[in-house]
Amino acid sequence: MSPPLRLLCIGSSGQAARALAIRGKAHGVEVVLAGRPGTDLLHPDTVTARIAELRPDVVVNAAAYTAVDRAESDVEAAFAANAEGAGAVAAAARRHGLPVVHLSTDYVFGGALGRPRREDDPIAPLCVYGRSKAEGEQAVAAANPDHAILRIAWVYAPFGANFLMTMLRLAAERTRVRVVHDQVGAPTCALDVADGVLRVAANLAGDASAGLRGVFHMAPEGACSWAEFAEAIFAESRARGGPAAAVERIGTRDYPTPAVRPADSRLDSGKIAREHRVALPHWRERVGPAVASRLAEEHGGHGR
């Protein structure tokens, strides 16, 4: 029997990395997380050394500078990680003859089109974070032709720092929460992201077809506003005896932030479905299980 696919994930503490570690076994994939300080995409020699040591079949770059608002005043650090670091990881994988899966974002896009974005739509990032990720995509493609760049959006999990975790915390502190209603997207559970990444990684490792390489959008079915997502979270939490709050729907202008966010983060995932046979379920299907998992964690694994 052949050994399981070995996947080296650069990054160990983020939502995607943690989800990959959780979901790897179900896919028959050995997932090895490599994060700072031992493996740091800002120090490419550490990435190269880790690849040489572990001899993986595929490299996944899930490490990034993700503090969107802080990036506006921390430009150098954002580009160092998201652009230069991303290119360095891809180059290190190429030196070892390995494919790389790189996680990118909807923030590479600008104004709304009135429909979900396709991979060939022009990019026009509105903030430093988006520009750094766009440059990272270009660096990855230039450094390693054996790549799959996966654009994802609105990622959450029952762990880490994300919208779902924030909403449950706020609901425990107050009876009403103000949430933006004029930005739309598809909430994406990190565990579904992991499932998609693992499928794509296996495909790249086992098939040299050109169609499996390039840029892909990976989002669940359906779409909603942030306010509607919050309402779904609270409904699922309330049904399980957890915290819930009323949602006051507000406009983006009522909640100013240093970084400009895309108004429409919907991504057309038809290409990844055709080429990689990856299709994430409707976003509503994953909210309940994620909320239940978080509530159980908060109450000693027994839920409420």
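The values are calculated or read from the model by the stated rules, or taken from the named source; none is laboratory data. Just so you know, these numbers come straight off a predicted model, no measurement behind them. Cβ: placed from backbone, ideal geometry, glycine included. Neighbour counts: every protein chain shown.
So that you can scan it fast, the table gives a plain yes or no per residue for (1) closer than 23 Å to ALA190 by Cα; (2) free of Cβ contacts under 8 Å to residues at least 12 places away in the same chain; (3) not small (Gly, Ala, Ser):
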residue	(1), (2), (3)
VAL215	yes, no, yes
ALA219	yes, no, no
ARG240	yes, no, yes
TYR255	no, no, yes
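For ALA83, the criteria (1) under 24 Å from ILE152 (Cβ atoms); (2) free of Cβ contacts under 8 Å to residues at least 24 places away in the same chain hold in every case but one, which is (2).
Checking each residue in segment 50-71 for being out of contact with any Ser or Thr (no Cβ under 7 Å at 6 or more places or on another chain), under 19 Å from ALA153 (Cβ atoms) and either of a type in the set (S, T, N, Q) or surrounded by fewer than 23 Cβ atoms within 10 Å (Cβ to Cβ) (or both) picks out ASN61, THR66, ALA67, VAL68.
Flag: ALA71 matches the condition of being within 19 Å of ARG131 (Cα to Cα), in contact with a Cys (Cβ under 8 Å, 6 or more places away or on another chain) and either in a helix (DSSP H, G or I) or small (Gly, Ala, Ser) (or both).
Conditions tested, residue by residue: (1) without any contact (Cβ under 8 Å) to a residue 40 or more places away in the chain; (2) in a loop (DSSP other than H, G, I, E, B).
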| position | (1), (2) |
| --- | --- |
| LEU8 | no, no |
| ILE22 | no, no |
| VAL32 | yes, no |
| GLY38 | yes, yes |
| THR46 | yes, no |
| ILE51 | no, no |
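Of the residues contained in segment 12-24, one or more are found to be surrounded by fewer than 16 Cβ atoms within 10 Å (Cβ to Cβ), among the hydroxyl-bearing types (Ser, Thr, Tyr) and within 16 Å of the chain's Cα centre (by Cα). The lone criterion from (1) assigned to a loop (DSSP other than H, G, I, E, B); (2) touching a residue at least 24 places away in the same chain (Cβ under 8 Å) left unmet by ALA88 is number (1). Do the conditions hold for ARG18, that is, is it part of a helix (DSSP H, G or I), touching a strand residue (DSSP E or B) at 6+ places or on another chain (Cβ under 9 Å) and among the charged types (D, E, K, R)? Answer is yes for this residue. Being of a type in the set (Val, Ile, Thr), at pLDDT 95 or above and more than 25 Å from VAL31 (Cβ to Cβ) is not true of THR188.
Candidates in segment 272-303 are the residues that are of a type in the set (Gly, Ala, Ser), modelled with pLDDT under 95 and assigned to a loop (DSSP other than H, G, I, E, B); of these, the one that is nearest to ALA186 (Cα to Cα) is GLY303. May I ask you to verify whether GLY242 is part of a loop (DSSP other than H, G, I, E, B) and at positive phi? In short, no.
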